Amino acid sequence: MLSGKIGICHDCLNNIDKTSLSLPYNGTPSISYIMSPFEYTGSLRQAILDFKFKNHWAYAPLLADMMKEYLDSYSIWDEFDYIIPVPLHESRIKERGYNQAELLAVHVSEYLSIPMRTDMLFRIRATKRQSSLKRIDRVLNVKDAFDCKTDLSGKKILLFDDICTTGNTLQFCASALEDAGAQNICALTLAIHVVEKLPIITY
């Protein structure tokens, strides 16, 4: 905290692993590709954990601001109709008090001039924390956990979350959007576990 404002020290900043600009990662069956400016490592990983689980919701504008250089490296944002944050179940909202993906998405939406919608995609089943589960259990945990009853025929959606690890949560969210008619779905996250996702190689 500097001059009454939340900031990041130089040591922590130097301990953040950035991904390549304008180089997305492979998607999933329902997601064209995944974009993420940082690796889920080091001081950023700790900041995200504090942001999610220790009521450090005020980190949202700082973390979103840190994404700007990466976001500026793309020229595709005007293609999307909506940015939709991954929803939490109402029981988790009651427990935590906020949806960290939504808090970040508010700032990203404003910066990219993409309308954010939280009234389309819903988590209809309470799920366990993905980080506490083994790989196969992560799939079963979020399977059929999301629903979208809004007609999204022909719409291009930017799905947003704080982190991508296995991609299962993003995939099942995208599947629900796809069932609602979404024409194209891409994902954007603050950080990505790069062991799980390989970048799309361009020549």
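Please treat every number below as a calculation from the coordinates, not as lab data. Owing to the predicted nature of the structure, the values given are computational and were not obtained by experimental measurement. All Cβ positions, glycine included, derive from the backbone under ideal geometry; neighbour counts span all protein chains shown.
When 45, 117 are screened for being buried (at least 16 other Cβ atoms within 10 Å of the Cβ), under 25 Å from residue 198 (Cβ atoms), touching a strand residue (DSSP E or B) at 6+ places or on another chain (Cβ under 9 Å) and not hydrophobic (A, V, I, L, M, F, W, C), only 45 passes.
Residue count for segment 151-203 under the criterion of being charged (D, E, K, R), farther than 16 Å from residue 118 by Cα and surrounded by 17 or more Cβ atoms within 10 Å (Cβ to Cβ): the result is 2.
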